[in-house]
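Structure first, then comments.
The values are calculated or read from the model by the stated rules, or taken from the named source; none is laboratory data. The model shown is predicted, which means the values in this text are computed figures rather than measured ones. We place every Cβ from the backbone using ideal geometry, glycine too, and count neighbours over all the protein chains shown.
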Amino acid sequence: MVSELNVPALTIKPVAVSPGGAAWITLCRDLRLGFRRQAELINPPLFFLIVVTLFPLGISPDPAFLAKLAPGVIWIAALLATLLAMDSLFRGDYEDGALDLLLIVPQPLFMHVLAKVTAHWLLTGLPLLVLAPILALMLSLPSQAYTTLIASLALGTPLLSLLGAIGAALTVGIRRGGMLLSLLILPLYIPVLLLGTGAVVAASEGLPAAGQLLWLAVLLTLGLTLAPFAIAAGLKITASG
Amino acid sequence: MNWTWFHKLGSPKWFYEISSRWLPWLVILSLLLLVTGVVWGLAFAPAERFQGNSYRIIYIHVPAAFLAQATYVFMAIAGGVGLIWRMKMAEIAASCCAPIGASFTLLALLTGAIWGKPTWGAWWVWDARLTSMLILLFLYLGFMALQAAIDNKKTAARASAVLALVGLVNIPIIKYSVDWWFTLHQTASIKLTEKPAMPAEMYYPLFICLAGFYCFFAVVLILRLRAEILHREHKTGWVKALMSNKC
């Protein structure tokens, strides 16, 4: 009976792609999509700049006072900028159905997720690093703390992206998930904030900051290896619901 | 090993029936323990050398703080079991734990503030333990918010289970990072591996209170579970039969 059904042969042969190759393709695709929406690229650094500007205006323009405030202000602003950019990580793919395709391709979702978060960090996190020294200058942060500031942001913002992506994966199916995303993820950001500001404060007082930076590196390693599992699980749940 | 009990636990009907037999005993046990512990602690335990009688809030504060943390662990494990074995009862248990745990956390924070005023001179200080307790409260509230935001109960349970597990991994990290940041709070005076740093007349009632809080948690959890089971299964035959018998 089955042979009479006359099933047409599959004309397009699937191309074998290694997990690493698939991740590379996803990374390139996301970067290309990001660069096509240039107006959106400018938003996170602009937000970062405006939030930092509010502090001298709202609290005090006194340089000595601002220097004390600077590590915390820059870190909190970077944290909020990363968080607000997070909502767009899976939104487009969820709405146009690309996310469903990612779930059924043979390569592990872990690699795709890692590639997507990397692309998102390159587009939204890296510009903050470039902007940070300028803001540090405006807040009169002691000059010996600049390298530590950049290093702490370089280690910390990818971690913020990884943690934020967990929340983004869980809330992408909810209509107005932005506020909820912040509620879920901000408590998890606290260790990164404490270590990041701790490092910059130590460096601006002339103390060694290697301890905090190494801890950030530890957490980043932990995040790179564990967070994609949680993100992938979140995406699968969202897609099935 | 015989796993029948584990599979039975997954059946709401079985749990509803067995828990109605456990419940009276648990209520009696928790009342006995709580009344004994609290009366002993408040009225008969000796006054503390430096703090006088104000330390007696410890008999509520410490068990509440213990339970606040233990409930999160229980909630995350239940969520994980629900996620892995698709066990309906585990999903319901995780969702029922969140409000109980949040209440214990709030109780610990409030009693801590009341205790802090006479001893530290302030209702609130940014100390490591207070801060990590506050973050724990945020984690509970986030869990409840996510659960409330998703309409499909099954998706809500699974999504919030992932969040609870992520939170479980993060709790030690949060705790140590906050500890390292600054601390004013005394270090733990009760450790499992050492003798408590307080006289026996003080810590016996504390342990009784602690056991009482655990039993109280079990009672509240079972009551919530039973209500939730009836709500979710209201279309099944056994619930309808149960209701028509009672009315």
Yes or no: segment B:9-30 includes at least one residue that is over 30 Å from B:W120 (Cα atoms), under 17 Å from the mean Cα position of the chain (by Cα) and without any contact (Cβ under 8 Å) to a residue 60 or more places away in the chain. no
Kindly indicate which of A:Y189, A:Y146 is within 13 Å of another protein chain (Cβ to nearest Cβ), within 25 Å of A:F55 (Cα to Cα) and aromatic (F, W, Y). A:Y189
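Please give the helices (runs of 4 or more DSSP H) falling wholly within segment A:34-99 in which 3 or more residues are under 15 Å from the mean Cα position of the chain (by Cα) and of a type in the set (A, V, I, L, M).
Ranges flagged: A:63-86.
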Assess whether A:A203 counts as being more than 12 Å from chain B (Cβ to nearest Cβ) and surrounded by 23 or more Cβ atoms within 10 Å (Cβ to Cβ). yes
Could you please find all residues in segment B:83-136 being on the phi > 0 side of the Ramachandran plot and either part of a helix (DSSP H, G or I) or of a type in the set (D, E, K, R) (or both)? B:R86
Would you pick out the residues in segment B:165-219 that are within 14 Å of chain A (Cβ to nearest Cβ), touching a Leu at 6+ places or on another chain (Cβ under 8 Å) and modelled with pLDDT of 90 or more? B:L165, B:V166, B:G167
Has segment B:80-97 got any residue that is surrounded by fewer than 17 Cβ atoms within 10 Å (Cβ to Cβ), away from chain A (no Cβ under 14 Å) and out of contact with any Ser or Thr (no Cβ under 6 Å at 6 or more places or on another chain)? yes
What are the residues in segment A:154-182 that are within 16 Å of the chain's Cα centre (by Cα) and within 10 Å of chain B (Cβ to nearest Cβ), if any? A:L163, A:I166, A:G167, A:A169, A:L170, A:T171, A:L181, A:S182
Can you list residue pairs whose Cβ atoms sit under 6 Å apart, with the first residue in segment A:207-235 being away from chain B (no Cβ under 13 Å) and the second being part of a helix (DSSP H, G or I)? Count only pairs 6 or more apart in sequence or on different chains. A:A209/A:T148; A:A209/A:A199; A:A209/A:A202; A:A209/A:A203; A:L213/A:A151; A:L213/A:A199; A:A217/A:L155
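Which of the following residues is closer than 17 Å to A:A77 by Cα and in a helix (DSSP H, G or I): A:A119, A:A151, A:A165?
A:A151
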Going residue by residue through segment B:58-68, is there one that turns out to be over 24 Å from B:H231 (Cβ atoms), part of a helix (DSSP H, G or I), without any contact (Cβ under 8 Å) to a residue 60 or more places away in the chain and not aliphatic (A, V, I, L, M)? yes
Being touching a residue at least 12 places away in the same chain (Cβ under 8 Å) and over 19 Å from B:A148 (Cβ atoms) is true for just one of B:G112, B:G101. Which residue is that? B:G112
